[in-house]
Amino acid sequence: MTFRELAARAAAKKPARMDVYGATDSDAAALRRWSEKGWRIVQCDGKGETGLAVLAEAARRKETDVLCVIGTEPVKTIRALERALPHETGPLSWLHGFEIPAYPKLLWTGSTPSVRYESVPDALRAVQAMIRALNAFGMDEPRVALLSCVEAISPGVPSTIWQAVLGHMGTRGQFGKAKVDGPMGFDLAVSPKSAAEKKFKSEIGAQADLLVPPDLNTFLSLASALFLTGPQEAADVVIGGPCPIFLTPPGLGNHAELSLAAASLLI
Amino acid sequence: MVMERARELGKSRLPVVAVAGAEDDDVLLAVANAQKEGMVKAHLVGGAAEIEKLLGELSLSANDFHITDAADAKSAIEKAVELCSRGECSILMKGKVPTPDLMRAVLAPSAGLRIGKVLTHCAVLELPGYPKLLSFTDGGVLVAPDYEQKLCIVENAVRVSRLIGVDEPKVALLGVRDEADPDFPSTVEAAEVARACVERGIARFVEGPMTLHTALTKSARPSAVAGEPDIVVAHAIEEINITVKALNLFRGTTFMGVITGAKVPLSLVSRSDPPENKMASLALAAVMAGEAK
């Protein structure tokens, strides 16, 4: 799948209501454009955590279909939204999507900032939520790689334990059509050459659609590294709340368009 | 830069590298090229018949190398470590042997390679578009380093930076936010480690926490490190391991990997790394061995 295909699927969806936080003059043109396309834009006037709480309240009451958060620090924003949302909503997961010149298809990476994956039920729920999102994007059988620094399951590397449990569930088909395997190194998730050289066999086939790093630190650094890989397209969407949320830099350029496309497929 | 320095140092005294498990095409190519370039002299340890066969296939002469026969990987590791322990070799290089077995042998007190320091891995990258070498640590030894071990990680990386010509390396301690946040304990620890590094004189410019994005971006806020670090330090092994592999595969970096903190540097790269990275890693180890004399 490519972003073009994802955007084409999203274009077929009917625009709905979008609540926007953090808009400035530089975003006015894009908001007007979205409005002309049929989106009902509601701008949130509040600032800081109070403003995000207003946004979360609209989502909780099912008054809005998408939240758009502009120009904030993502980790702080996700935590603030989680605090504002009711407990039963569950943890929010953050998905980054990249179209990278050196990779033949869209590559997503995901993390659930408030969850410690060492708890297998929490890790399972987080990965299942990410798979559902990829299904909604149009990937019928996503390949999910649980990333670590080693392939061997090792008590000395705690992340390999929960990854091994989920990986084993993957080999037994417990994720439905999604293929899930881990632990594995980054190279084995995306490079057929590396996998062949290391004689690493996996259903992922070194062609992962989704990379799940072991923690938020690794997720953020991996995302930064992927941003450094050259001219590319990217999108960000947060799942797990009452409605999809997308986080985007000011100016609402291509990143915002692609993030909105991803979010609208999750409505 | 590192290659040139290794060649320069090699003119006065050639460091000898003990290759544990030399029966591997890419390893032999890397070692042969480094030897041809005047950076090292190679002592190959492993199955002698297999090594000689591979050298022949690569059109290399066995007469150009010192070869010590070893029956298996365990024996190759023991013999290579012993060569370093006795002072006959000043670099240890991982060939076709399991990394955990090699590490166990290096860490064993009886091997004589410990010098009272914590061993850490340092990955030095030539990142296209970044104006200088950038070290990532620790993506290879300490799984979840504690506070004191993080200080050792910084200390070892600073030492590597100084050996390759950076007198006052700038160190960024990575975190999920750019400020200490009790919601994320690793950010609080990063701030404490940064302060301790400066107070203890480990390095002059150490800042954290900051995300990798902030570390590599010119910041609007006053910072001696953001936008121009020489070293980035992570909270755990996976962060560096995964990030460096992503940069290697998708960004086309030249990668030099070395384990430091022992009597001799240990040149350590992945099996899937190309010969160029293996040779570059050897060059870095050669510089470290040469400068440490």
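A few points about this structure:
- Residues of the range B:85-123 with amide N under 18 Å of the 7 Å Cα→Cβ point at B:Ala196: B:117-121
- Computed magnitude of the charge dipole of the protein assembly as shown (debye, nearest 20; Cβ of K, R +1, Cβ of D, E -1): 360
- In terms of other Cβ atoms within 10 Å, B:Ile115, A:Ile153 run from fewest to most in the order B:Ile115, A:Ile153.
- Cα-centre dipole for the range B:120-248 with unit charges at Cβ (Lys and Arg positive, Asp and Glu negative), debye to 20: 400
- Residues B:Tyr147, B:Tyr130 arranged by fewest to most Cβ contacts within 10 Å: B:Tyr147, B:Tyr130
- Entries in B:Lys132/B:Lys170; B:Lys79/B:Lys245; A:Lys62/A:Lys105; A:Lys14/A:Lys179; A:Lys177/A:Lys198; B:Lys53/B:Lys278 that, when Cα-Cα distance is taken, lie over 23 Å: B:Lys79/B:Lys245; A:Lys62/A:Lys105; A:Lys14/A:Lys179; A:Lys177/A:Lys198
- Packing-based exposure ordering (other Cβ within 10 Å, fewest first) of A:His168, B:His43, B:His235, B:His213: A:His168, B:His213, B:His43, B:His235
- Charge-dipole axis of chain B as Lys and Arg at +1 and Asp and Glu at -1 on Cβ define it, positive-most pick from B:Met256, B:Asn63, B:Leu216: B:Asn63
- Assigned charges on the beta-carbon of Lys, Arg, Asp, Glu; the range A:152-242 dipole about Cα centre (debye): 400
- Among A:Leu266, A:Gln232, A:Trp108 - extreme Cα towards positive end, dipole of chain A, charges at beta-carbon: A:Leu266
- Using only the C-alpha atoms, the convex hull of the range A:94-233 corresponds to 102 Å³ per residue.
The numbers here are math on the coordinates, done by the rules we state, and not lab data. In this text, all values refer to a predicted model and were calculated from it rather than measured experimentally. Note: ideal-geometry Cβ built from the backbone for every residue, glycine included; neighbour counts use all protein chains shown.
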